[in-house]
Amino acid sequence: MHIVDRRLNPGGKSFANRQRFLRRAKDMVEKAVREASKDRAIGDLDSPGEISIPSEGTREPTFRHTQGSRRDLVLPGNKDYVEGDLIERPRGEGDGDGSGGQVGRGDGQEDAFRFILTRDEFLSIFLDDLELPDLAKRRVAQTEKEGLRRAGYTTTGTPANLALHRTLQTSLSRRIALKRPKQSAVDDLERRLAEAQSRDEVEVERLSAELEALRHKRARISYLDPIDLRYRRFERFPKPVTQAVMFCLMDVSGSMTEHMKDLAKRFFMLLHVFLTRRYKRVEIVFIRHTDRAGEVDEDTFFRSAETGGTMVSSALQEMLKVIRERYDPGVWNIYAAQASDGDNLSSDNPQTRELLQNHILPLCQYFAYVEVSGPNAETHGYVPHHGQSSLWLTYAALQKENEKFQMRRVSRREHIYSVFRQLFQRRVAKTAEVG
Amino acid sequence: MRGELLYEGKDWDFGTIQRIHDAVADIAHKELGLDTFANQIEIITAEQMLDAYASTGMPLFYKHWSFGKRFAQHEGIYRMGLQGLAYEIVINADPCISYIMEENSATMQTLVIAHAAFGHNHFFKHNYQFRQWTDPEGILDYLSFAKAYIANCEERYGHAEVERLLDAAHALMPQGIDRYPRKRPLNLHMEEKREQDRKEERERVYDDLWRTVPGRARGAKQMAGDKRRALLGLPQENILYFLEKAAPRLKPWQREVLRIVRLIAQYFYPQQQTKVMNEGCATYCHYRLLGRLHETGQIGDGSFLEFLTSHTNATRQPFYDSPSYNGINPYALGFDMMRDIERIVREPTEEDRYWFPEIAGTGDEMEVLRHVWANYRDDSFIAQFMSPRLIRNWRLFHVVDDREQPNLEVSAIHNERGYRDLRRSLSAQYDVGGYAPDIQIVDVDLAGNRKLVLHHRVRDGKMLELTNAAMVLGHLANLWGYEVLLQEIDAGTEQVLKEHMVRPEQG
């Protein structure tokens, strides 16, 4: 009999098949993922989850019988029926008896097919065909960091890096090469010496000489010698950094309702998930503003309310300041997302525009502006300038000139995702100018 | 004779497995007279067990999305904790491969080894169905050939093309089985070589000049219908076989893929027909083997109790009105029938002597069982060996559900008048001919529009389910390349009940 241990075999044998299955059901899976993401809190977006897809398209048809006009059931556990008894037909087309359901069950199962997508699968479908604009530019930039990696062994080093296994290997081969007598050989001689002790003096003489020689040799050739020592060697290597910082700018003045903040939060979370998929390291900076701006932590950003006027430029100033202090544009990929209800002090508009155009956009990879409004905004029409806020008008001009700048409006939770998609839709034409 | 304990506690290592195997082998071969293929025991993780599930239990299989779907299904069920995994999977190969899970306790490993590596193994080696239809020596090689061949096709002709072909072939898989032996026995080793030879021959005789020779006008003589059908081997129930040999528009590689799917379907065919017997045999063997190990003091009382718990769970048969009733449990039915045979052979009652004169009281139950395992399949086994006593124990009854009657009728119960009826109708439920639709290719118009004609013989008004039938016929038409007509014909009256006509999608 053979025993074979397969546990260490590469797993994921079904991976290729699973890929094929997902590809096959792509459209339906995509739709299901969209649906599923509507109900999910955006914070849980990147956790794995069960989805169910209709079985059409992944159905495996075979010829099957319908139930036919006559069925024979043989069942165990008769209690009090006797031959010739009539039983009322159970409701639900004779499925009550549980048998013969073979056909029925088979079909029922096929209505929807439920299974679990892993986090990666979910996200890759969810964010499929979205692209971070201008990603390529900084990737080739000389933003390098040093890393350490293992590089063989060395004969010098600190005790902490002693490679025990390798050291003993060297020691073993040295001992073998120099023919260091083994302990067992010594033991053997000692035993023979003890046996010969009383009987044969010549033999005793010879053996003790031999034993002496052995012991001497063992003492000369040490078990572990300094030349055996090996240390793990590390070498430095340049590590290209892909890191990004994401600025979340939000107007927190009185005019922003909870609903609007919720919309903004969802948008920011989406952006965060998206960035973490593309960059190893993503930092987030939260800047909120009324007529003054300040950097805050996440909790304060979303929770606490402020009162005051609205000056968007203050937030931009703050952002510039943070960039200058902490995020060198040569090293960091900078993304910014601004959410606001569109209110701004009219006198502030020119300055806002100037800041954005001349100072911020040149530093950024991408700047997205989302204008949030109440759930019924479209029907009210209280916003001046034919439904366009003052900030919107200010920015609209920018959008035309600068590809890095995009803006969208959103008023309802379920639109967030599609707005997000529009903002990050893969832009085919852009590839030419990268490089 | 009291031996030493093979193991203590739950833990095991390879030494334990070897000891268990040897101890079990000793009893199996010397006392029960089992004769098995050499064993190969492979230890796998739960993850790998799920993988194996998805590809119908085989260690290597070609790639197809449906296996991914199956994997997702099982995984979902397993992760939600709705269902545990099987403790083992056993493959009908020589040497016989049993997969056991690392999570199993030492007792479970003993049970699994006794069950799979001896019970199933003996059954595979001796049952006439397996001997006739499978080639345990060649199966793994053939699967690896199939996997490589299909991967190769994917590279050459594209994923989409191969996937479409496999979809179609899978849909027709149940119609890709020979139910009666053809002249030549299968030899999977030769298959691979044959394909190789065929390719070489093609390359050797390739001569571009032939292309330029003007074709002769076909003799327009119409062959007589009967003669034509005879030449094509019609009627033919093995649709995949027919397509492989006769479909006019398939390329050679497509025929080979159809052949692969067909041969694999054929390999699994005996398993469908011997579910009750196969599981019954394995369960009966492990019951005897573990019992003996316990008697001889090789496993402790605690382990034996653990074994009995699993054994009892596996052979539980809920009554029809229990919420957990889910059809008849093949383990329970097979095991009970075999225990019953043991009883009949050893301590027959008057009734048994009347019903089973040829085995009652002969004294050596293993000899009888070995004969049974070798020469029956589920339906014949039940028809022959279901005893009145077992029918009473199970309290079986027969219900007739006739659509035209307002009520269901109990037509037989476990009494003198009912035994034969029950035995016959239970046996009929395990008859492949009963539950698989009887579909045959009856004619093809080779000289005219090449329409393929199939008949479905309808028994008891069991028509084909429409959506499925339409999809399968679509696949069939695509493979055939021309129109396909399926007529549903009542087996009694020869009346055409329904016609399905399908055209191929392209060209």
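Bear in mind these aren't lab numbers, they're just calculated from the coordinates by the rules spelled out. Bear in mind that the values here come from a model prediction, so they are computed numbers and not experimental data. Every residue, glycine as well, gets a Cβ built from its backbone with ideal geometry; the counts of neighbours run over all protein chains shown.
A few notes on this one:
- Taking other C-beta atoms within 10 angstrom as a stand-in for reagent exposure, B:His21, B:His159 fall in the order B:His159, B:His21, fewest first.
- Of the residues B:Ile260, B:Ala374, B:Leu243, the one whose Cα sits farthest toward the positive end of the charge dipole of chain B, with +1 on the Cβ of Lys and Arg and -1 on the Cβ of Asp and Glu, is B:Leu243.
- Shape of the protein assembly as shown, Cα gyration tensor, a/c cut at 1.5: oblate
- Per-residue [θ]222 nm for chain B (sum of -39500 (n - 2.57) over DSSP H runs n ≥ 4, rounded to 500): -16000 deg cm²/dmol
- At an R0 of 56 angstrom, the distance between the Cβ atoms of B:Glu483 and B:Asp26 translates into a FRET efficiency of 0.30.
- Out-of-range pairs (alpha-carbon distance over 19 Å; input A:Lys79/B:Lys275; B:Lys199/B:Lys251; B:Lys30/B:Lys125; A:Lys13/B:Lys69): A:Lys79/B:Lys275
- The simple spin-label model puts a point 7 Å past each Cα toward its Cβ; for A:Ile87 and B:Leu60 those points are separated by 5.0 nm.
- Computed lengthening from B:Asn449 to B:Thr349, 0.36 nm per intervening residue step minus Cα-Cα distance: 29.3 nm
- Length gained when the stretch A:Asp262-A:Lys400 is fully extended (0.36 nm per residue, less Cα-Cα span): 46.8 nm
- Neighbour-count ranking [beta-carbon atoms within 10 angstrom, fewest first] of B:Asp178, B:Asp321: B:Asp321, B:Asp178
- FRET efficiency, 1/(1 + (r/R0)^6) with R0 35 Å, evaluated for B:Arg457 and B:Thr362 via beta carbons: 0.25
- Sequence-separation-based contact order of the stretch B:315-433, relative, with Cα cut under 8 Å and 6+ spacing, percent: 19
- All other residues whose Cβ lies under 13 angstrom from that of A:His216 are scored, Lys and Arg at +1 and Asp and Glu at -1, for a net of +3.
- Where labels lie 7 Å past Cα in the beta-carbon direction, separation of A:Thr118 and B:Glu200 in nm: 4.4
- In a simple Cβ point-charge model (Lys, Arg +1; Asp, Glu -1; nothing else charged), the protein assembly as shown has a dipole of about 3440 debye relative to its Cα centre.
- In plain terms, the chain from B:Ala160 to B:Lys498 could stretch by 118.3 nm, reckoned as 0.36 nm per residue minus the Cα-Cα distance.
- Taking a sphere under 11 Å around the Cβ of B:Ala247 and counting the other residues whose Cβ falls inside, with K and R at +1 and D and E at -1, yields a net charge of +4.
- Spatial separation of Cα centroids for the stretch A:391-417 and the stretch A:276-304, in angstrom: 20
- Taking a point 7 Å from the Cα of A:Leu178 along the Cα-to-Cβ direction, the residues of the stretch A:196-224 with backbone N closer than 15 Å to it are A:214-224.
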